[in-house]
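Following: one structure in structure tokens, then a few remarks.
The values are calculated or read from the model by the stated rules, or taken from the named source; none is laboratory data. Just so we're clear, the structure is a prediction, and the values are computed from it rather than from any experiment. For neighbour counting, all protein chains shown are included, and Cβ atoms are generated from backbone atoms with ideal geometry for every residue, glycine included. Keep in mind that these areas ignore ligands, DNA and RNA; they rest on the heavy atoms of the full protein, side chains included. Shrake-Rupley method; radii C 1.70, N 1.55, O 1.52, S 1.80 Å.
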Amino acid sequence: MTDKFCRERFLSCSEAAPLLTLMWNIALVYVVYAIARLVFFCLNYDLLSAALNDGVGAIIKGALVFDTSAIVYTNALYIILMLFPLHLKECEPYHKLLKWLWIVTNLTALVLNMADAVYFPYTLRRTTTTVFGEFAREQNLVSIVAVEVARHWYLVLLVIIVAWGMWRMYARPRLVRHHINPLRYTLSYVGILLVVVALCVAGMRGGFTTAVRPVTVSNANQYVSSPTHAALVLNTPFSLIRTIGKNVFEDPHYFADETALEQVYTPVHTPPDTAVLKHRNVVVLIVESFGREYIGAYNKGLDNGQYEGYTPFVDSLLTRSLTFTRTFCNGRKSIDGMPSILSSIPMIAEPFFLTPASMNHVGGIASLLGAKGWQTAFFHGAQNGSMGFQAFARSTGFGAYYGRDEFNADPRYRGDKDFDGTWAIWDEPFLQFYCDKMSEMQQPFMTAVFTASSHHPFAIPDEYENTFESGQLEIHRCIRYTDYALKRFFDSASQQPWYNNTLFVLTGDHTNMSAYDCYKTDLGIFSSPILLFDPSGELLQPGVIDAVAQQTDIMPTVLGLLGYDEPYVAFGIDALSTPATDTWAFSYLNGIYQLVQGGLLLQYDGSKVTGLYRLDDTLLVNNLVGQEQYVAQSEKMLSFLQAFIQQYMSRMTTDRLIL
């Protein structure tokens, strides 16, 4: 009776054969991925619209490759169970279970893609598995997600609509009659399953031939001209799956001869014999999301010379500081900025201290100066342990750590009354706390502070709601507030006895939202300020040096100014002791290595040069690859970049980050 009921029920469902039914349901998944990609494009139109110039056909072709891989990976169990060669599966409960498996699996993929559409503007890349390590210690994720769900309610509504459509359009196969020959049934399904499995393996790998290597995230660059646009070709489930347990550091062996490698590039810095150590304090201010774009003094040509920016105090500080015409960060996340600035370790592939290489022996400006008698401390107003900063600070030699716990315990301050409700203590009170704690330290000291207020969800303290005006972007009001907090910090610091004996360094951890096209390019998105301020005027004089500087240059430049007298490892240079023509900057974006040097930007995918642009081509329109007048310079740049990559990878894999 039960079997008859099952047969009758299935007869009312799809009349298609199981294989055709499977094909229909998988086709529906492609539609779901297409909807997610369209949403991704629309939400990030200002960053991705130029991708259409690469050709819609190429983007669709690439999208099919990566969507196929992701769909097969995520639906592998469903496919096998649908075609399982045993007649026992021919009952209604079994196929109800398969429907729920299909719905849950692919609805999860849809949600991941939708969430990444919101997160993308902050990283300019699809999310990988390192995101779990990045936010592992955060205690406010629920509130952050809740805020984003409320802000993007229309995406929630769309997910519900798509889920309803998936449920309604799902096809269940017709029940195969029980009187069929069991051997015939099994052999038929074994044959079908073998063919489908072969197709699935090809889909996962990205091709059929044995010469095809399994596609990776970096393969997306072959379908677009800009690494930023690679995110439009990729999908989030694929990016997550293909980075599970992946070893991101592999020696490429561009140079077989170690001597030849060292001659082209070495990260080992050997101070001159004449170096004399100066016992100056060092204060490094790492300002959240502080891009060059927001600072008027760096952008006198914008808006026909009328651009004022959002940082009146930093503009005034620049007139008393030393900076460079082109300054860059080395990553797109906060966890990229800290190793770059304080240990001269740039981001390649994934954030350094979310990789196994973070277990290497790692040094930095704190450990080097600490060994010479400096008292060292790191400050971050978030919950202690947030972002892994406390662990990294300890591993790189900071003797003390001051976070939200220490701020709350200080009776001079209001504790959590100054918590922003999402991330950390507001910048103004925490920077005052920072100043007070340094006044309690023994000189010389080396400290660093990581601010937090100029960050999504872009709020400011209630008492300043009517003080700071909005700008073109929602972050601009936060930038005004943080600039004011920096002013208050320097006002207080200038009254301290240690002030004139201190070298100040101010930079951003990474860039953020942009209103101008020149800051949305593959290079522009790394444009962060770097300025050195010496109140005494004894270490350096104010001015603008016509050269390139990057975050990884901060450590060797500071050590050079202090006359540090022992060899050390740093992947940047002393920007003040290097001829301007030899200064350079490195960045990594979606599988593409970028090198700025000698007035050019070179882009390299690990096997070939994909882009070469003049720096005065601010929108990166004219690709000069192959043009005769640039061949010699690009070859020299490529050799240098390959040596840099090999030194980095080799030292990561052999634990040689310190001497």
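Give the angle, between 0 and 90 degrees and rounded to the nearest 10, that separates the Cα long axis of helix 334-343 from the longest principal axis of the Cα atoms of the chain. Between helix and principal axis, roughly 40 degrees. Using a 1.4 Å probe on the protein heavy atoms only, what accessible surface does ARG404 show? Give it in Å² to the nearest 10. The accessible area comes out at roughly 40 Å². Packing here is the average count of other Cβ atoms within 10 Å per residue, and on that basis the peptides 251-263, 537-549, highest first, run 537-549, 251-263. The P(r) of the range 377-427 has a tail past 16 Å containing 37 percent of all C-alpha pairs. Rounded to the nearest angstrom and listed largest first, the equivalent-ellipsoid semi-axes of the range 204-292 from its Cα gyration tensor are 40, 24, 13. Residues HIS229, HIS361 ordered from highest to lowest accessible area at a 1.4 Å probe: HIS361, HIS229.
Each residue of the range 355-371 was assigned a 3J(HN,Hα) from its phi angle through the Karplus expression (A = 6.51, B = -1.76, C = 1.60, θ = phi - 60°), giving 10, x, 5, 5, 7, 5, 6, 10, x, x, 4, 5, 5, 5, 6, x, 5 Hz with x at Gly and Pro.
As a length-normalised measure over Cα pairs under 8 Å and 6 or more apart, the relative contact order of the range 476-587 settles at 21 percent. Among beta bridges from DSSP that stay inside the chain, the antiparallel ones total about 50%. The heavy atoms of TYR613 present about 20 square angstrom of accessible area, all protein chains included, probe 1.4 Å. Sorting the segments 354-360, 40-46, 509-515 by their mean number of nearby beta carbons within 10 angstrom, highest to lowest, gives 509-515, 354-360, 40-46. In order along the range 517-525, the Karplus-derived 3J(HN,Hα) couplings, from 6.51 cos²θ - 1.76 cosθ + 1.60 at θ = phi - 60°, round to 4, 5, 9, 9, 6, 4, 9, x, 5 Hz, and Gly and Pro are given as x.
Amide H to amide H distances under 5 Å link ALA547 with THR325, ARG326, where only residues 5 or more positions off or on other chains count and H is placed in the peptide plane.
Using only the Cα atoms of the range 524-659, build the gyration tensor, take square roots of its eigenvalues as a ≥ b ≥ c, and label the shape rounded, prolate or oblate: rounded if a/c is under 1.5, else prolate if a/b is larger than b/c, else oblate. Because a/c hits 1.5 or more and a/b fails to exceed b/c, the range 524-659 counts as oblate.
Ranked by the mean number of other Cβ atoms within 10 Å of their residues, highest first, the peptides 384-395, 414-425 fall in the order 384-395, 414-425. The HN-Hα couplings worked out from phi for the range 217-226 by the Karplus form 6.51 cos²θ - 1.76 cosθ + 1.60 (θ = phi - 60°) are 4, 5, 5, 5, 5, 6, 9, 9, 9, 10 Hz, whole numbers, x standing for Gly and Pro. Averaging Cα coordinates gives a centre for the range 593-637 and one for the range 378-401; these two points are 38 Å apart. Our estimate of slack between GLU474 and ILE658, defined as 0.36 nm per intervening residue step minus the Cα-Cα distance, is 62.1 nm.
Here the range 61-94 is scanned for amide nitrogen atoms under 17 Å from the site 7 Å beyond the Cα of LEU199 along Cα-to-Cβ, giving 64-85. So what does log10 I(q)/I(0) come out to for the chain at q = 0.10, 0.11 Å⁻¹, using the Debye formula with one equal point on every Cα and no solvent? Treating every Cα as an identical point scatterer, log10 I(q)/I(0) equals -0.95, -1.11.
Among residues other than GLN597 with Cβ under 9 Å from its Cβ, the summed charge is 0 (Lys and Arg +1, Asp and Glu -1).
Sorting TRP24, TRP374 by accessible area puts them as TRP24, TRP374; the probe is 1.4 Å, largest comes first, and only protein heavy atoms count.
With angles folded into 0 to 90 degrees, how steeply does helix 427-439 sit against the dominant principal axis of the chain? Use alpha carbons for both and round to 10. Once rounded, one gets 50 degrees. Taking 0.890 mPa s as the viscosity and 25 °C as the temperature, the Stokes-Einstein diffusion coefficient of the range 230-381 based on its alpha-carbon Kirkwood radius rounds to 124 µm²/s. Taking the Kirkwood radius as Rh and the Cα radius of gyration as Rg, the range 335-397 has a ratio of Rg/Rh equal to 0.95. Within the assembled protein chains, the solvent-accessible surface assigned to LEU97 is about 110 Å², based on a 1.4 Å probe.
With respect to the chain, whose longest principal axis is taken over its alpha-carbon atoms, helix 628-653 is tilted by about 80°. Two decimals is fine: what is log10 I(q)/I(0) at q = 0.14, 0.15, 0.17, 0.23 Å⁻¹ for the range 383-496, from a Debye sum with one equal scatterer on every Cα and no solvent? Taking Cα atoms of the range 383-496 as identical point scatterers yields -0.62, -0.71, -0.90, -1.42.
Close amide H pairs (under 5 Å, H built 1.01 Å from N) link ALA382 with ARG404, ILE425, residues at least 5 positions away or on another chain. Residues whose amide H comes within less than 5 Å of that of VAL215, counting only those at least five positions distant or on another chain, are GLY206 (H built at 1.01 Å from N in the peptide plane). In this entry, the range 470-570 is assigned a mean projected area of 8.6 nm², taken as a quarter of its C-alpha convex hull surface. Going out from 0 in 10 Å bins, what whole percent of all Cα-Cα distances in the range 313-448 drops into each bin? Over the range 313-448, the share of Cα pairs per 10 Å bin runs 11, 34, 38, 16, 0 percent. Using just its DSSP H runs of length 4 or more, each adding -39500 (n - 2.57), the chain gives a mean residue ellipticity at 222 nm of -13500 deg cm²/dmol after division by all residues.
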